[in-house]
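One structure is given here, and the rest of the page talks about it.
The values are calculated or read from the model by the stated rules, or taken from the named source; none is laboratory data. Being a predicted model, the structure only gives us computed values, none of them experimental. Because the Cβ atoms are built from the backbone with ideal geometry, glycine has one as well, and the counts that use them run over all protein chains shown. SASA here: full protein model, heavy atoms, side chains in, ligands and nucleic acids out. Shrake-Rupley method; radii C 1.70, N 1.55, O 1.52, S 1.80 Å.
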Amino acid sequence: EAQVTQNPRYLITVTGKKLTVTCSQNMNHEYMSWYRQDPGLGLRQIYYSMNVEVTDKGDVPEGYKVSRKEKRNFPLILESPSPNQTSLYFCASRRTGINEQFFGPGTRLTVL
Amino acid sequence: AQRVTQPEKLLSVFKGAPVELKCNYSYSGSPELFWYVQYSRQRLQLLLRHISRESIKGFTADLNKGETSFHLKKPFAQEEDSAMYYCALKRTGANNLFFGTGTRLTVIP
């Protein structure tokens, strides 16, 4: 089944403890992206990647890092999480030239 | 800079009534507009895009460049339409989507 997967789906952590949320897609999509969803603010893009080894900042990149070493994976790294990063995170992918994005199931992160 | 405004955070309609979810945008170029939907416990998914001029699940949306709007409409709401709806804009030549804040639609039986 063609899909975008994220792990973990739920995570509770403490301030300052480094964490990684993985994202993987099996559709051979070039483009991948991370969003956070917050009440009243909708979806805001954190980082995106046009292809392997090509990443760029979105609208709210502060406090996050990403890497794209392989086409299928696009992990989101929080080096030192803070409570204001408590949110619902979505990974998405699409094929270059096609505007429909396919979303993962979401990761609900709580930083205490 | 682009901006997508969905003025209604919450919208409730009765089953069988018409529904319109508003979306206004500001962008000086020619945008591509989309509606994405998130049903309960499901992933966000594309509902329709303006360039396709299609009707999906009875929903339509027309791009009105004069009013800079892309409202989503359905003549007869169904209970299964209850969901979170996001309007999204893609600028010409850009690689990413810019989303509005979303409208939660509840269809009352």
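List of remarks:
- Note on the range A:25-59: among residues that are among the basic types (Lys, Arg) and open to solvent by 50 Å² or more (accessible area, probe 1.4 Å), the one that is farthest from the other protein chains (Cβ to nearest Cβ) is A:Lys57.
- Hits in the range B:49-61 - residues which are open to solvent by 60 Å² or more (accessible area, probe 1.4 Å), away from every other protein chain (no Cβ under 11 Å) and closer than 18 Å to A:Asn99 by Cα: B:Arg53, B:Glu54, B:Ser55
- Residue match in the range A:8-19 (condition: of a type outside the set (S, T, N, Q), more than 10 Å from the chain's Cα centre (by Cα), under 18 Å from B:Leu46 (Cβ atoms) and open to solvent by 20 Å² or more (accessible area, probe 1.4 Å)): no
- Residue tally, condition within 11 Å of another protein chain (Cβ to nearest Cβ) and either open to solvent by 30 Å² or more (accessible area, probe 1.4 Å) or over 14 Å from the mean Cα position of the chain (by Cα) (or both), over the range A:79-111: 7
- Checking each residue in the range B:28-48 for being open to solvent by 50 Å² or more (accessible area, probe 1.4 Å) and on the phi < 0 side of the Ramachandran plot picks out B:Ser28, B:Ser30, B:Ser40, B:Gln42, B:Arg43, B:Gln45.
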